[in-house]
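Participant: Below you will find the structure I want to go over with you.
The values are calculated or read from the model by the stated rules, or taken from the named source; none is laboratory data. This structure is a prediction, so every number in the text was calculated from the model and none was measured. For neighbour counting, all protein chains shown are included, and Cβ atoms are generated from backbone atoms with ideal geometry for every residue, glycine included. Quick note on the areas: whole protein, heavy atoms, side chains included, nothing else; ligands and nucleic acids left out. Shrake-Rupley method; radii C 1.70, N 1.55, O 1.52, S 1.80 Å.
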Amino acid sequence: MATGCIQLGNWQHAKFDRKQAAQKLLDARGVDAPITLGSSPVDAEALRSHPVVVRGRFETERQFLVDNRVYREQAGYHVLTPLRIEGSSMRVLVNRGWIPALARHADIPQVATPTAPVALHGIAVVPGSRFFTLGGAPASGAWQPVWQNLELARFAGSAPYPVQPVILQLAADAPAGFVRDWPRPDERFERHLSYAWQWYGFAASAVLIWFALAWRRP
């Protein structure tokens with residue numbers, strides 16, 4: 001039991017460290033000059049949390065909504081729209097922000113998207129790759145307008161064109177977006193440290209109880 005509690009404590013402490021490191025990286029790179037996204041694939045890790053700019057035209061054929069995104073206790077979606085980068089066949093997925101869900105959640109909201117070229121700026125985000133997804137795989141060739149997770153590898157694997165390996169998280173003052181009150185990477189990170197110490201405390205208690213019981217044995 002004590003070993004299991006220590007492992008859970010280490011897991012929570014690792015989450016604390018990751019969130020703290022992500023915030024430090026964002027703070028450090030946030031003051032750098034923005035990098036222009038072009039036709040050449042970027043190094044995702046080198047560009048993580050870095051300001052980026054891009055010009056191009058939105059394409060709504062493979063636009064999708066990421067479900068179960070809550071803003072101020074209201075259910076909704078994040079809008080992900082591919083942008084064809086000006087002068088190339090390269091696309092980049094743009095997270096345009098949050099929109100509310102309709103009263104009947106099965107109904108899909110209509111999303112207004114500019115048809116003219118746009119100049120965008122924001123932060124390069126490298127999304128996670130480990131997800132638990134409910135339901136079966138989509139029918140062959142069928143496009144799903146609502147996804148449970150932001151799976152960039154899935155999108156790039158199904159797209160008939162090259163895709164940059166980062167998401168452009170649209171800045172609050174950039175055009176063509178919705179609600180963009182993006183959470184900090186270290187938001188509520190201190191709770192993980194608190195949980196870690198709780199698990200370590202459980203481990204210590206288990207050891208003390210074991211010693212106490214062993215001492216009382218005849």
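Participant: With respect to P41, determine if the residue is touching a residue at least 60 places away in the same chain (Cβ under 8 Å), under 14 Å from M90 (Cα atoms) and surrounded by fewer than 16 Cβ atoms within 10 Å (Cβ to Cβ). Explain how you work it out, then say what you get.
Facilitator: Values: touching a residue at least 60 places away in the same chain (Cβ under 8 Å): yes; under 14 Å from M90 (Cα atoms): yes; surrounded by fewer than 16 Cβ atoms within 10 Å (Cβ to Cβ): yes.
Yes: the conditions hold for P41.
Participant: Considering every residue within region 75-90, establish whether at least one is of a type in the set (G, A, S), open to solvent by 20 Å² or more (accessible area, probe 1.4 Å), in contact with a Phe, Trp or Tyr (Cβ under 9 Å, 6 or more places away or on another chain) and touching a residue at least 24 places away in the same chain (Cβ under 8 Å).
Facilitator: Checked against the condition, which is being of a type in the set (G, A, S), open to solvent by 20 Å² or more (accessible area, probe 1.4 Å), in contact with a Phe, Trp or Tyr (Cβ under 9 Å, 6 or more places away or on another chain) and touching a residue at least 24 places away in the same chain (Cβ under 8 Å), region 75-90 yields at least one hit.
Participant: Give all pairs with beta carbons closer than 6 Å in which a residue from region 104-120 that is within 9 Å of F58 (Cβ to Cβ) and in contact (Cβ under 8 Å) with a residue 60 or more places away in the chain meets a residue that is among the hydrophobic types (A, V, I, L, M, F, W, C) and part of a loop (DSSP other than H, G, I, E, B); count only pairs at least 6 apart in sequence or on separate chains.
Facilitator: Close Cβ pairs (under 6 Å, with a partner that is among the hydrophobic types (A, V, I, L, M, F, W, C) and part of a loop (DSSP other than H, G, I, E, B)) amount to P114/A176; V118/A176.
Participant: Give the residues of region 58-74 that are within 20 Å of G157 (Cα to Cα) and surrounded by fewer than 17 Cβ atoms within 10 Å (Cβ to Cβ), sorted by residue number. Explain how you work it out, then say what you get.
Facilitator: Kept after step one, since they are within 20 Å of G157 (Cα to Cα), are these residues of region 58-74: 58-66.
Once the filter is applied, which keeps residues that are within 20 Å of G157 (Cα to Cα) and surrounded by fewer than 17 Cβ atoms within 10 Å (Cβ to Cβ), region 58-74 yields E59, T60, E61.
Participant: Quick one: would you say F155 is touching a helix residue (DSSP H, G or I) at 6+ places or on another chain (Cβ under 8 Å) and either open to solvent by less than 60 Å² (accessible area, probe 1.4 Å) or at pLDDT 95 or above (or both)? Walk me through it before giving the result.
Facilitator: Values: touching a helix residue (DSSP H, G or I) at 6+ places or on another chain (Cβ under 8 Å): no; either open to solvent by less than 60 Å² (accessible area, probe 1.4 Å) or at pLDDT 95 or above (or both): yes.
When the stated conditions are applied, F155 does not pass them.
Participant: Might you let me know whether region 67-77 holds any residue that is more than 20 Å from A174 (Cα to Cα), polar (S, T, N, Q) and touching a strand residue (DSSP E or B) at 6+ places or on another chain (Cβ under 6 Å)?
Facilitator: First pass over region 67-77, keeping only residues more than 20 Å from A174 (Cα to Cα): 67-70, 72-76.
Keeping just the survivors that are polar (S, T, N, Q) gives 68, 74.
With the extra rule that they be touching a strand residue (DSSP E or B) at 6+ places or on another chain (Cβ under 6 Å), the set shrinks to 74.
Yes: one or more hits.
Participant: Next question. Does region 91-129 hold any residues that are of a type in the set (K, R) and surrounded by 16 or more Cβ atoms within 10 Å (Cβ to Cβ), and which are they? Step through it out loud before you land on a result.
Facilitator: First, the residues of region 91-129 that are of a type in the set (K, R): 91, 96, 104.
Within region 91-129, R91, R96 qualify.
Participant: Checking N10 against (1) among the polar types (S, T, N, Q); (2) under 19 Å from the mean Cα position of the chain (by Cα); (3) open to solvent by 20 Å² or more (accessible area, probe 1.4 Å); (4) modelled with pLDDT under 95, which test does it fail?
Facilitator: (2)
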